[in-house]
Ligand SMILES: Nc1ncnc2c1ncn2[C@@H]1O[C@H](COP(=O)(O)OP(=O)(O)OP(=O)(O)O)[C@@H](O)[C@H]1O
Ligand SMILES: [Mg+2]
């Protein structure tokens, strides 16, 4: 894919006290592409996206959005710069309704500060319909929705509020087969718009194969491999996902137990 | 091929308004209230709801309602305030002492409004301090406000003894006659209600004259506070933020909700409610006492829970709190209308209803969160 990256990250370092969670990570994010971020448990994927989302501050390194250096002091800053994050835990409130969650922190109100509930109900319904689910009752509590529906709600919310980069942290884990495919379909639909870049974190090689255009592999806080879909071999992806170890070696290890 | 196209919307059963009403979270509190009203009516031979009975009942219901509204909003945001009762004592002492001994720093005599304004400034500051300690330290508000429960009660008693020599002030002039403000806090309101009652042939004393002339002013304050709280909670952005803060703080923060400001604001709101409570009391009776407001924080929390507020935050309704306040207020007063009853049954009742409410609320929470 050609063109300028929407967002560029250079040499991000994140230390938690004596522990270095990220040791100099760089990557480029292009609009209209799905960028798979892969790596073992504890590799630092969530830490990386939390920095991109303004939850953590980087210890070192720089983020560029459309070529300009930016610093995110809060999630609000990141949202304003077009970074929409769907966290592993989705940042949804279970006891609150679909609409109230959809607009949490960015409610629509009239001049007297009173919420325009009808308008908000309608928007929440329409936006979710656009990417795949027809939700009849926007007053339903999120706690009663299925995992896939919640995922869709969180994605629809991020897009509606102007996300140019959509970050999905393991959106398919903890879902049943059918719902996993539903989420992948949603990702494809968003990708087709062409203007939104998606960072897709997953442990599932097949899922990444199905939707990703570009890959970055993390291990122990470092990038151990990166490339486009065409430049990476199947076996290569597997090897990198396991943190650089040869699958054959792992299998041998398993045998010997 | 015979594929049935089913969409998500087909799976939701359409409910009529009765079914929807029955599923409302306030329904339990409403039923208990209805039972109490009927039982009290018969047990007191109707005396609980004659002209004076209604006035006295509303007076205590409004008292409970004012502080329970503050406690409930704070609980919905996920925090407790155990300092409400001591704050009432502190505010009452502060106002009465200024009225008797003048404004601090030799600023001269205190008008009722000045005494109230200076006191409110102090209590709001205290609420702000409590809120800041809670959000900055990350400690449980239970323990922080427990500290303030002791601190404020002690400060009240010490100040009384230092300045006033006694922990009581009585015999203040009746400011209601000279000050519009004192009348607004401690006078009578909604006189038209009792005028109409008289005009319709009721509300008579033994001589056949009009008996009761109006409700205590705190009724108006309760209506105002509950009305504003209801509007905020169910219809405004701030309301959405309060729910979001109490449900999952981190989720709310990730979406840009200023959770710390919400919490600090609500600690100031409970302090405000306690101050209104105290002002109504001081200007109604023209007295003050270091022991005022004792245990009121626990009653406020109990009423909030009876009204359907979740202990864990994120859920609750002002309407439920109104039902809770009516229920607890009526039972607290029942001893005056049913002479043969032992007043301590009040606590037995509150304890029982409280436990029942906690179980009911937990069921509602499980229903909403899918049983986790
Ligand atoms: N707030 C924190 N304080 C200290 N250490 C942290 C903190 N957050 C993360 N870490 C550490 O940083 C490392 C990377 O964590 P991270 O959550 O980014 O991993 P991950 O790649 O998302 O793993 P998973 O695939 O299991 O989600 C882990 O060793 C973790 O213990
Ligand atoms: Mg993670």
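No lab work stands behind these numbers, since they all come straight from the coordinates. Worth saying up front: this structure is predicted, and the values here are computed from it rather than measured. Cβ coordinates were reconstructed from backbone atoms using ideal geometry, including for glycine residues, and neighbour counts include every protein chain displayed.
Brief remarks on what is shown
- Acute angle (nearest 10 degrees) that the helix B:318-337 long axis makes with the longest principal axis of chain B, alpha-carbon atoms: 50
- Each principal axis of the Cα atoms in region B:173-302 has its own extent, and those three values, largest first, are 67, 38, 29 angstrom.
- With bins 5 Å wide beginning at 0, the percent of Cα pairs of region A:1-149 falling in each bin runs 2, 8, 14, 17, 16, 14, 13, 10, 5, 1, 0.
- Listing B:69, B:287 from fewest to most neighbouring C-beta atoms within 10 Å gives B:287, B:69.
- Arranged from fewest to most other beta-carbon atoms within 10 Å of their beta carbon, B:282, B:144, B:54, A:142 become B:54, B:144, A:142, B:282.
- Between residue B:261 and residue B:170, full extension at 0.36 nm per residue minus the direct alpha carbon distance yields a gain of 28.8 nm.
- Residues residue B:49 and residue B:335, FRET efficiency given R0 of 25 Å [Cβ-Cβ distance, rounded to 0.05]: 0.95
- Residue of B:356, B:229, B:96 that the Gaussian network model of chain B assigns the largest fluctuation, springs spanning Cα pairs under 10 Å: B:356
- Square roots of five times the Cα gyration tensor eigenvalues for chain A, Å: 32, 22, 17
- The value of relative contact order for region B:73-208, using C-alpha pairs under 8 Å at least six residues apart, is 28 percent.
- Using C-alpha pairs below 8 Å separated by at least 6 residues, the relative contact order for chain B is 33 percent.
- More than 14 Å apart - percent of Cα-Cα pairs taken over region B:241-308: 70
- For chain B, calculated [θ]222 nm from helices alone, where every DSSP H run of n ≥ 4 adds -39500 (n - 2.57): -22000 deg cm²/dmol
- Rounded to 10°, Cα long-axis angle of helix B:345-369 versus longest principal axis of chain B: 30
- Here the Kirkwood formula, the inverse mean of 1/r across different C-alpha pairs, assigns the protein assembly as shown a hydrodynamic radius of 28.0 Å.
- Cα long-axis angle, helix B:27-43 against chain B (0 to 90 degrees, to the nearest 10): 50
- Stretch gain in nm, segment residue B:195-residue B:17, where the contour uses 0.36 nm per residue and the Cα spacing is subtracted: 60.4 nm
- Over region B:138-244, the hull volume per residue, using the convex hull of the C-alpha atoms, is 222 Å³.
- The mean number of partner chain beta-carbon atoms within 10 angstrom of a residue's beta-carbon across peptide A:135-146 is 4.
- Neighbour counting of Cβ atoms within 10 Å sorts the residues B:133, A:167, fewest neighbours leading, into B:133, A:167.
- Estimated at 0.36 nm per residue, the fully extended path between residue A:206 and residue A:118 surpasses their Cα-Cα distance by 27.6 nm.
- When only alpha carbons are used to place a centre, region B:289-339 and region A:114-141 end up 36 Å from one another.
- Considering region B:288-338 at the alpha-carbon level, its Rg and Dmax are found to be 13.0, 39 Å.
- log₁₀ of I(q)/I(0) at q = 0.07, 0.11, 0.15 Å⁻¹ - region B:43-368, Debye sum with one point per alpha carbon: -0.30, -0.73, -1.26
- Sites residue A:174 and residue B:223 - FRET efficiency at Förster radius 30 Å, r taken between beta-carbons, to 0.05: 0.05
- Partner shielding of A:105-116 amounts to 5, given as the average count of beta-carbon atoms from other chains within 10 Å of each residue beta-carbon.
- Most mobile of B:163, B:130, B:66 in a GNM of chain B (Cα contacts under 10 Å): B:163
- In Å, descending, principal axis extents of the Cα set of region A:85-217: 50, 30, 22
- GNM flexibility winner over chain A from A:221, A:235, A:84 (Cα, springs under 10 Å): A:235
- Given R0 = 35 Å, the distance between the Cβ atoms of residue A:257 and residue A:229 translates into a calculated FRET efficiency of 0.50.
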